[in-house]
1. Pick out the one residue from G130, G101, G77 that is crowded, with 19+ Cβ neighbours inside 10 Å, of a type outside the set (F, W, Y), more than 21 Å from D31 (Cα to Cα) and assigned by TED's automatic domain parsing to the domain that holds S181.
2. In region 109-145, what residues are outside any loop (DSSP other than H, G, I, E, B), among the hydrophobic types (A, V, I, L, M, F, W, C) and touching a residue at least 40 places away in the same chain (Cβ under 8 Å)?
3. Considering only region 6-63, how many residues are assigned to a helix (DSSP H, G or I), open to solvent by less than 70 Å² (accessible area, probe 1.4 Å) and at pLDDT below 90?
4. Which residues, counting only those in region 180-196, are closer than 15 Å to D217 by Cβ and crowded, with 17+ Cβ neighbours inside 10 Å?
5. Quick one: what pairs do we get from region 25-42, first residue free of Cβ contacts under 8 Å to residues at least 24 places away in the same chain and closer than 15 Å to N74 by Cα, second open to solvent by 40 Å² or more (accessible area, probe 1.4 Å) and not aromatic (F, W, Y), C-beta under 6 Å, 6+ apart or different chains?
6. Checking the structure you have, find out if any residue of region 79-95 is in a helix (DSSP H, G or I), under 20 Å from E36 (Cα atoms) and in contact (Cβ under 8 Å) with a residue 24 or more places away in the chain.
Amino acid sequence: MTDTSTSPRRASRPPRAPRRDAAENRVAILDAAISELNHDPDASLETIASAAGLSRRSIYGHFSTRDELVAELNDRGIARVTAALAPIRHSDARIALALVGARLWSEVEDVRVTAQLAIRGPRREIVGKGLEPVRRGVLDLVRQGVEAGQLRTDIEPGTLARLIEGAALSVLDEAVRADISRDEGHRLVMLVALSTAGLSWREAAELIDASPELAPDAQPHASHHAGDTE
């Protein structure tokens, strides 16, 4: 009997694409999870399945545990944030740092609860590693600003970069606690980052007001639908 298990025809056959309805169901689950978890971080898989218009059995066909679903959402969020912040360059490091804060806020503003959970929650170390490219970018901007005399020089650049990151993330905490508006958060994240970097509150405000690229409507609006191109 001829063994066809290693025949060229079978070996070269491309993997079967998922059925369209299965792919659409997965997108529906992810979109429902984004919405439900932002309203209730403890939302169950059953609640998410119901919001997606699917049965409990259907959701377990895609995600065996709630943690697995949350992990995929985190991974997608990390990829989106990294892609949004990677292109930021400016001859003025102060404006570049403000842009980093503004773009970050644009990405997390309408999913602020789930973003805070990702950064502060049980997977924070994994999320932190995923955001390393962003952190390296902030450090490069800080070094650029220190060398140009635009930022404070009394704090070592690595420490200063981490303090700026912490200041920006504190705005996310405040946004969840106080439900601040989109525009208020946009301005606040830039003010605290620039103030931490060494500008006075007046200098920070003047820089923001004088820089059209820092205006709220100059920032790309983030899309959190799983079916959209990232």
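The values are calculated or read from the model by the stated rules, or taken from the named source; none is laboratory data. Being a predicted model, the structure only gives us computed values, none of them experimental. FYI the Cβ positions are ideal-geometry reconstructions off the backbone, even for glycines, and counts take in every protein chain you see. Side chains included, ligands, DNA and RNA excluded: accessible areas come from the protein's heavy atoms. Shrake-Rupley method; radii C 1.70, N 1.55, O 1.52, S 1.80 Å.
1. Numbers: G130 fails: crowded, with 19+ Cβ neighbours inside 10 Å; G77 fails: more than 21 Å from D31 (Cα to Cα).
One residue alone meets the criteria, G101.
2. Hits for region 109-145 are V111, V113, A115, L117, A118, I119, I126, V127, V134, V138, L141, V142.
3. Count: 3.
4. Within region 180-196, G185, H186, R187, M190 meet the criteria.
5. What qualifies is A32/A51; E36/T47; E36/A51.
6. Within region 79-95, the subset in a helix (DSSP H, G or I) is 79-85, 93-95.
Adding the requirement that they be under 20 Å from E36 (Cα atoms) leaves 80.
With the extra rule that they be in contact (Cβ under 8 Å) with a residue 24 or more places away in the chain, the set shrinks to 80.
Within region 79-95 (the criterion being in a helix (DSSP H, G or I), under 20 Å from E36 (Cα atoms) and in contact (Cβ under 8 Å) with a residue 24 or more places away in the chain), the answer is yes, since at least one residue qualifies.
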